[in-house]
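Readers should treat all values here as calculations from the given coordinates under stated rules, not as data from a laboratory. Please read all numbers here as calculations on a predicted model, not as lab measurements. Neighbour counts are summed over all protein chains in view; Cβ atoms, including those assigned to glycine, are modelled from backbone coordinates with ideal geometry.
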2 protein chains.
Amino acid sequence: MRLADLDEEAVLARLLPVLLHDEAPGVPVGPGDDAAVVEAPSGSVVATTDSMVLGVDWRDDWSSPQDVGHKLVVQNVADVAAMGARPTGLLLALSADPATPVEWVLGLAEGVAAAARESATPVLGGDLSGAAAGSVVLAMTVLGDLGGRAPVRRSGARVGDVVAVCGTLGRSGAGLRLYLDAELAAAADRQAPEAAHRLRSSHRRPHCPWQSGAEAARAGASAMLDVSDGLVRDAGRLARASGVSVDLDGAALRAETHGDLLDVLGADAALREVLGGGEEHALLACFADASRLPTTGAPWRVVGRVVERSRAPVLLDGVPHEVAGWDHFAG
Amino acid sequence: MRLADLDEEAVLARLLPVLLHDEAPGVPVGPGDDAAVVEAPSGSVVATTDSMVLGVDWRDDWSSPQDVGHKLVVQNVADVAAMGARPTGLLLALSADPATPVEWVLGLAEGVAAAARESATPVLGGDLSGAAAGSVVLAMTVLGDLGGRAPVRRSGARVGDVVAVCGTLGRSGAGLRLYLDAELAAAADRQAPEAAHRLRSSHRRPHCPWQSGAEAARAGASAMLDVSDGLVRDAGRLARASGVSVDLDGAALRAETHGDLLDVLGADAALREVLGGGEEHALLACFADASRLPTTGAPWRVVGRVVERSRAPVLLDGVPHEVAGWDHFAG
């Protein structure tokens, strides 16, 4: 059955039971009215929007609809977490070719609902519309609450701060390489099949340690963002916003390759993915010194230091490092 | 120049100066970080998402990019206003074929910015991504604040309430008919060219009396929504949510046709547009009696009465009236 075979209300009647939590504390008005109402106990609200597009951000031959829904939630929740906030609700706009199978849309809703539950984020509302043939576009907004803390911006890094990460690096990028490079994939599936499987999963369903965003804020993080376009590119953004440079520690980053990345890619390619791999949604934050890193929750590791602004925003062991990463139009 | 000729940061460097207000009170963190922060003085936030899709919600031969941006803001602000809130910020996700002219995107941003200024809604953030050939999809989220009032839901109408509208009815639908029906348009352009021009404009740039939403809430409105899919269809939604029926007053609705609608369409077709025309974004609200209608701001007119639930959710002068309106997939 395709979307075109049902009217909008019939589609919603199938989707809403999948999307709605059994209980949604903090949501006085949920989906179904002109707009939702969600509590904002701090008297302010954190808000971010991020999209996924069929053929650009996912391929149906790699990713199940559940994967797509999961990833969309994670990348938006990561942005809220990177401000030091906890997510309080999400809205989803789905524009789809009317020939899209209803089963695909229900699978998407399952993925959204599962990831929303994992991050304790109630579904507040959404919008359904038709789109051109072959087009499926998802846009999600996630709201969050700062718990009375100041937002942790990109611009607060100070010379002398340590730079630390929470969550994994390079795994999503390595999974993407396995999808794109048949020769690499064949070798990996012979030599390290379980590691290759896990890396592909990390690409389809990245993980963000979202609770660690608020923990970093409580611990006094001076600056933070999530690694969505690659460590070097995102560290460069933080450096430029703060008027500093970030000197990454090669030995610490090589330690990040241990395990699946090293087993599948070898040392050099594994390090390249740690430095440049996107869609990982680890948190990258600066702290006055290493003793300030949060010690509860997912582990933080020091991977560099904030230094005086130099020729390049990002250095690797003191040497300017070229920015690599993903651009949405230039590819 | 096409989007593909610029990288994402170059596109943003052109867009952001167009989109950002000179000052944005109530926005501690604007665009450029992982997420924005906006004040929520009531301790809760109203949130809604609505999309527009090229070829489905607009055609480039009718609508300028400024028109599209304007309409997208208005339809979202209308949803916030219909809860009794004032808008506090918006986020825009744009997914576009990389062949889309940069000029079109800048025109869209101009339309968004102008309508955002008219509704005192700062731009909080957004997302840019590529899309399939021929595809342009816009998704907007608007946030709002209730000023300490309870939200006005669809479900609060009580038997005996008067049903009133604020803003126009049928004008957007009439403009759409002029675009779709060449014969009608030729006759209108001979007999009432200025009226026809104004109706086409109303389709491309509908108007929502957004400040009247909060005024209705202050005046004690029992239920409210905005007329996005046609008066009968939306009154039916309010009726079903409230467990009542709405009896519309034919004489009052014929009075709504006076002027451009009557001049261009004649009496019968004008009344059909008042009853069924979508994308108008008037506010429809219920009040305990006619003496309660807000008397400041845009005028409210009584167009019906809430009655006991009967066979049909909507009656016209006591006779069940078929629901007419727009469905996004079935067309």
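Mind listing P(r) for the stretch B:6-145? All alpha-carbon pairs, 5 Å bins, whole percents.
Percent of pairs per bin, in order: 2, 10, 21, 24, 20, 12, 7, 2, 0.
With only Lys, Arg, Asp and Glu charged, each at its Cβ (+1 for the first two, -1 for the last two), find how big the charge dipole of the stretch B:31-82 is about the Cα centre; round to the nearest 20 debye.
140
At 7 angstrom along the Cα-to-beta-carbon line, where would the label on B:Arg158 sit relative to the other copies? Give the distances in nm, shortest first.
Spelled out, the distances from B:Arg158's label point are 5.9 nm.
Of all GluC sites (Glu not before Pro) in the stretch A:1-60, which ones are in loop regions per DSSP and have a Cβ with at most 15 other Cβ atoms within 10 Å?
Sites meeting the loop and neighbour criteria: A:Glu23.
Calculate the FRET efficiency for A:Ala252 and A:Ala288 from the Cβ-Cβ distance with a Förster distance of 22 Å, rounded to the nearest 0.05.
E between A:Ala252 and A:Ala288, to the nearest 0.05, is 0.75.
With labels modelled as points extended 7 Å from the Cα through the Cβ direction, what inter-label distance (nm, one decimal) is found for B:His21 paired with B:Gln191?
4.4
DSSP beta bridges in the protein assembly as shown, what fraction antiparallel, as a percent rounded to 5?
Counting DSSP beta bridges with both partners in the protein assembly as shown, the antiparallel share is about 80 percent.
Assign unit charges at the C-beta atoms only (+1 for Lys and Arg, -1 for Asp and Glu), then state the dipole size of the protein assembly as shown relative to its Cα centre in Debye, rounded to the nearest 20.
For this selection, approximately 1300 debye.
Explain nothing, just the number: dipole magnitude of the stretch B:1-94 about its Cα centre with +1 on each Lys and Arg Cβ and -1 on each Asp and Glu Cβ, in debye rounded to the nearest 20.
Taking the Cα centre of the stretch B:1-94 as origin, the dipole is about 300 debye.
What is the distance in Å between the Cα centres of the stretch B:52-110 and the stretch A:1-68?
The stretch B:52-110 and the stretch A:1-68 have Cα centres spaced 20 Å from each other.
What percent antiparallel are the DSSP beta bridges of chain A, to the nearest 5?
Rounded to the nearest five, the antiparallel share is 75 percent.
Give me the Kirkwood hydrodynamic radius of chain B, using the inverse of the mean 1/r over all pairs of distinct Cα atoms, in Å to one decimal.
The answer is 20.5 Å.
Report the residue, chosen from A:Thr257, A:Thr168, A:Thr296, that carries the largest GNM mean-square fluctuation when chain A is represented by alpha-carbon nodes joined by springs under 10 Å.
Highest fluctuation of the listed residues: A:Thr296.
Quantify how strongly other chains surround peptide A:75-81 by giving the mean number of their Cβ atoms within 10 Å of each of its Cβ atoms.
Other-chain Cβ atoms within 10 Å of each residue's Cβ, averaged: 2.
Quick one: net charge of A:Asp145's neighbours, Cβ under 11 Å, K/R +1, D/E -1?
Result for the neighbourhood of A:Asp145: +1.
Using helices alone, what [θ] at 222 nm do you get for the protein assembly as shown, with -39,500 (n - 2.57) per DSSP H run of 4 or more residues, divided over all residues and rounded to the nearest 500?
It lands at -11000 deg cm²/dmol.
Please list, in chain and number order, the residues 5+ apart from B:Gly126 or on another chain whose amide H is under 5 Å from its amide H, with Hs placed from the backbone.
Distant-sequence amide H within range of B:Gly126: A:Thr49, B:Leu92.
List, in order, the whole-Hz ³J(HN,Hα) value for each residue of the stretch A:212-220 obtained from phi through the Karplus relation with A = 6.51, B = -1.76, C = 1.60 and θ = phi - 60°; use x for Gly and Pro.
These are the phi-based 3J(HN,Hα) values: 6, x, 5, 5, 5, 4, 4, 7, x Hz.
Kindly provide the trypsin sites (Lys or Arg not before Pro) of the stretch B:1-64 that DSSP labels as loop, not H, G, I, E or B, and whose Cβ sees at most 13 other Cβ atoms within 10 Å.
Answer by residue number: B:Arg59.
Label-point separation (nm) for A:Arg301 and B:Ala4, each offset 7 Å from Cα along Cα-to-Cβ?
Result for the modelled spin labels: 4.0 nm.
Scale the Cα Rg of the stretch A:142-258 by the rule-of-thumb value 2.2 N^0.38 Å and send over the ratio, two decimals.
So the stretch A:142-258 has a normalised radius of gyration of 1.25.
Non-local amide H neighbours of B:Asp161 (under 5 Å, H modeled in plane, Pro and chain starts lacking H): which ones?
Residues meeting the criterion, in which the H sits 1.01 Å from N, are B:Val306.
Give me, ordered by chain and number, the residues 5 or more places off A:Ser222 or on other chains with an amide H under 5 Å from its own placed amide H.
A:Cys286, A:Phe287, A:Ala288
Just grab the label-to-label distance for A:Asp60 and A:Ala13, each label 7 Å out from Cα along the Cβ direction, in nm (one decimal).
Simple spin-label model gives 2.5 nm for this pair.
Of the residues A:Asp60, A:Asp260, A:Asp247, which exhibits the maximal mean-square fluctuation in a Gaussian network model of chain A defined by a 10 Å Cα contact cut-off?
In the Gaussian network model the winner is A:Asp60.
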